[in-house]
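Here's the structure, in C-alpha cells; my notes come after.
Nothing in this text is a laboratory measurement; each read-out follows from the coordinates by a stated rule. In this text, all values refer to a predicted model and were calculated from it rather than measured experimentally. Heads up, the Cβs are rebuilt from the backbone with ideal geometry, glycines too, and the neighbour counts pull from every protein chain shown.
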Amino acid sequence: MRKIHQLPAARRKYFLRPTSLATLAMAILAGIVGAAVTLAQSQPQNTSAHKSALQYDVASIKLIIPGNGIANLSGRVGMTDTPDGFIARLATVKMLIRRTYAVDDYQISGAPDWVSKEVYDIDAKFDSSTADELQKLSPNDRILARQQMLQSLLTERFNLTIHRDDKEVQVYYLIAAKNGPKLQEAKLDNADSSKPKAGPAPGTAMMTVGAAGGQIRGFASSLASLTGMLTRTLHRPVLDRTGLTENYDFTLRWTPDENQLPPSSGFQVSPAGSSSGLPSADPNPNSGPSLFTAIQEQLGLKLESAKGPVEFIVIDHVERPSGN
C-alpha cells in the first residue's frame, strides 16, 4: 500500500467569491451518482479492511474555519477530480463522505457535529503511473477507482471507519409516464477524439435551484444523474425504475416550492475552478409548472411514491485529520 504523504504548504488559488443566498448550483458527473449501486455491492463494510490499488502519493489538508460552521461564510465550495489528483475547497468531512460513497446527507449517521461544520481545503496528487492506470479504465471503473482513492485518503488521514445498514424508507420511483419517455438519446461524435469538444463534457449534469426557478440539464447523462439531483431537491430518495440504460440530453425546468429551495448557507456549489457553464434558472418564478408536472410534461416520466430499500452509511469512528 502506498503511503499518502503530507504535501508542504504552497501558494494556491482559492475559489472564494460573494454569491446569492437564494441560489444553489450543482454540477455532478452522471457516473458518480450512478456508481452508488455498484459501490453498495462491491465496497466493504469497514473502510479499514480494504485499500484501493491506486492511491494518492501526497495530500495537503488545511483546516479553514475551525468549529463555527459554514452558515456564516459567503463564497464557493467545490470538489473536483483533476488529471493528476483531487481538489476540495471549503469542504466538510461530511461532503467528502457523501462524495466517496455516492450517498446523500440523509444516508449518513453517527457522525460528530464537527464533521458537518469544520471546512477544509484539500490538495491530493498522484504520479504519472497512476494517471496512466486510470486512463486505461472504462469510464465507470474510473469513477469507482477515484471514489476508492478518496476512501483510502479518508481512512488514512481522518481514521474513518464505517458500516452499512439497509432500511425500508419512503422513496419515489421514477417510472415512464402513460405516453412514454420523451428523452433524447445522446449522439456522441467520436470521429476525432484528439480535438477538444466545445460545451459541457459528456456525462455531465448541472442543476440550479433558487427563488427564480429550477433547472436541470443533462449532457449525454444517465438517468442516475437525474435521480441524484431529484433526491437532493425533494429530500427523499428517488430510485430509477424506468429501465432506460442509454445516455440522454435533457432539460427540465420547474417552479420550486419553498421546500425545494436551498438553505440560506451563502454557498454556491460547482466544480472547483469553474466559473461558468452553469445553466440559468428561469427569471420568472411563476412561469413554470411544479416539479412533478414538469417531469411528466417535459421528460415523459413520473414520480410514484412508495417504500423501498435504501442503504445508509453509519460512521463508527472519525478523527480530525493528521497535520500537514
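Numbers below:
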| item | result |
| --- | --- |
| Leading residue at positive end of dipole, segment 120-188 (Cβ point charges), from 176, 138, 124 | 176 |
| Spin-label pair residue 293/residue 136, simplified geometry with 7 Å Cα→Cβ offset, distance in nm | 5.5 nm |
| Least to most buried among 238, 209 (fewest other Cβ within 10 Å first) | 238, 209 |
| Ordering of 91-99, 78-86 by packing [mean C-beta count within 10 Å, highest first] | 91-99, 78-86 |
| Fully extended contour minus Cα-Cα distance, from residue 127 to residue 306, at 0.36 nm per residue | 59.8 nm |
| Amide N of segment 202-223 lying under 12 Å from the label point, which is placed 7 angstrom from the Cα of residue 251 along Cα→Cβ | 215-218 |
| Which of 312, 250 has the fewest Cβ neighbours within 10 Å, and the rest in rising order | 312, 250 |
| Mean Cβ neighbour count within 10 Å, used as a protection proxy, ranking 126-136, 111-121 highest first | 111-121, 126-136 |
| Footprinting exposure proxy for 108, 216 (fewest neighbouring C-beta atoms within 10 Å first) | 108, 216 |
